[in-house]
Structures are given as structure tokens and as C-alpha cells.
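Where a number appears in this text, it was derived from the coordinates with a stated rule and is not lab data. Predicted model only: the values in this text are computed from it and were never measured. Cβ sites come from the backbone with ideal geometry, for glycine too, and all protein chains shown count toward neighbours.
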Amino acid sequence: PYETEFLIQLGGRVREMRAAYGMSRRELARRSGMSERYVAQIEAGKGNVSIVRLLRLAVVFRCA
């Protein structure tokens, strides 16, 4: 329950940040070293995201 809600909110925030930076999913995936499909799963709130992958996303948005 709590985990599901967290993943949904996280996915929405990643999508918002990607849009704010004018990035496609493909570009975010390339910059973060993840697959485009995995980025789509995160944005849909379905990916079980590790702290390392969260760090990768944060670095992309911080350096963009």
C-alpha cells in the first residue's frame, strides 16, 4: 500500500522533471544508463527502483 503510492508519486515526479528539462524518455534512459522501457516502468509507478537508480536519475536532472 505505502510502497505502491510512493512508486506512483515517484513516477509522476520523474515524468514532470523529464518534461521540465525537455527530455524524451530515450534521452533520460541514455543519460542515466537505464533502458527506455525501465524509465517507462518507473514513470508508470511499476518499477521497483533501487537507491542507485534513484541516484542516477538525480544526477541526470542535476547536471542537465
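Observations on the model:
- Cα gyration tensor shape for segment 3-47, rounded if a/c is under 1.5, else prolate or oblate: oblate
- Residue among A20, F6, G33 farthest towards the positive dipole end of the chain, charges placed on Cβ: G33
- Its Cα centre serving as origin, the chain has a Cβ charge dipole (Lys and Arg +1, Asp and Glu -1) of approximately 280 debye.
- Formal net charge of residues neighbouring M34 (Cβ-Cβ distance under 12 Å; K, R +1; D, E -1): +4
- For the chain, the longest principal axis of the Cα atoms and the long axis of helix 2-20 meet at an angle of about 20 degrees.
- Segment 1-27 and segment 41-64 have Cα centres separated by 8 Å.
- Length-normalised contact order of the chain in % [C-alpha pairs under 8 Å, at least 6 apart]: 39
- Per-residue ellipticity at 222 nm from helix content only, as computed over the chain with -39500 (n - 2.57) for each DSSP H run of at least four residues, stands at -23500 deg cm²/dmol.
- With Cα atoms, 0 to 90° folded angle of helix 51-63 axis to the chain main axis: 40
- M17-R62 pseudo-label distance in nm [points 7 Å out on the Cα-to-Cβ vector]: 1.0
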